[in-house]
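**Student:** Here it is: the structure, laid out below.
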Amino acid sequence: MPRKLYIFASHLSHSNILTLKVLLKSTKADKMAVWEYTNNSTEAAAILIDTDSKEGALQLKELGRKKNHQVLIAFSNRAPDFPEGILVLPRPLRSAELCPLLQQASRNFLNSQQIILQYQQDTDLSPSLQQYPTDQKAIEITNVSTRPRRVLEILYSNRNKILKITDRSMRAVFFDTEKHHYYTSDLVRIEIEALLASSIENVQLEEIDRKQFKIETQSLKMQDLDPLLWTAALGISTDGQLFHGLSFIESYRLNRWPDLRKLGSNALHLKFAALLRQECTISYMADVAKAELDEVVSFINACYSLSYLEHQEQPLVPLQTRAQKTPASADKISLLSRIRRRLGI
């Protein structure tokens, strides 16, 4: 299924931004990625900068020096010697040039993400990186599975806590899991997704109280945690494995409807959500929706990471019984309707 990616525009005129938003709708047919506009530069996979302005040219130069994993696109009719890796979109904005350029941006971005994840996986088992604070409140990290525990799984096993997670370069992200917010000044969204996908052995984990949290985040921008967790959970689940604490023999049900407009969705996710309004198993979902088991697992993991799921070992109502009840109740309603019509009610 196509990946949902965001593009941020800098130093573009209001009319060009409106045109960009309209043209982005044509990317919905792309099998690799669907692009949407965002006002949040930190969650953007690509940044489009009008480099024909002095400020835009300086910004491109500065972002190029930082070498983050966002794709940089110069909006320009001029032909200066842009650094390697910078994509160029000529003026004016037209679908004929924008669509193939965004396809290239998708490839660049997703390739860089794979490099990050591969790097994290290559260092997952490094014993020298096991750094856990001994003088802080206990953080739940125990598990009987031999598979490396990922940072994302620590977040949902420590719900309603405030966690400070620091990577190997001492760059910190603050997660307020109770209020579903996160704060950072050091990492862009793709780097945080890679952090969530990495093993807990690669990071420092620390639970902090709300007083310390307010002090350390007072100059940082609050950001919505839910879309980040959702995307990270879907990305991690490509191996078809359920998260710790979940099982294929359990039944599942939504305790609230996910905001798929905010999280990003497709027709298959809507089918899964509809099925989960009543309890069902993973294999049942795959059969009814005619989907691959891996796709169901990804959706279950994503819902679980946002606390949308109730699960138990045995279905509340056997699926065969539920299937048999529906036509019987429909016949009863039909009979009552015929009686009412005959009596003129």
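Just so you know, all these numbers are worked out from the coordinates, no wet-lab data involved. The shown structure was predicted, so the numbers you read here are calculated from the model rather than taken from an experiment. Ideal geometry is used to build each Cβ from the backbone, glycine not excepted, and the neighbour counts take in all protein chains shown.
**Student:** Which three semi-axes in whole Å describe the equivalent ellipsoid of the stretch 156-223, each the square root of 5 times a Cα gyration tensor eigenvalue, listed largest first? Mind dumping the intermediate values first?
**Tutor:** Working: eigenvalues 61, 39, 26 Å².
One finds semi-axes of 17, 14, 11 Å for the stretch 156-223.
**Student:** Tell me, TYR182, TYR6 in order of fewest to most beta-carbon neighbours within 10 Å?
**Tutor:** Going from least to most buried by this count: TYR6, TYR182.
**Student:** Enumerate the amide H contacts of LEU89 below 5 Å, restricted to partners 5 or more residues apart or on another chain; note that Pro and chain-start residues carry no placed amide H.
**Tutor:** ALA74, PHE75, SER76
**Student:** Rounded if a/c is under 1.5, else prolate if a/b beats b/c, else oblate: with a ≥ b ≥ c from the C-alpha gyration tensor eigenvalues square-rooted, which is the stretch 229-297? Show your work: numbers first, answer last.
**Tutor:** Working: a/c = 1.34, a/b = 1.07, b/c = 1.25.
Rounded, since a/c falls under 1.5.
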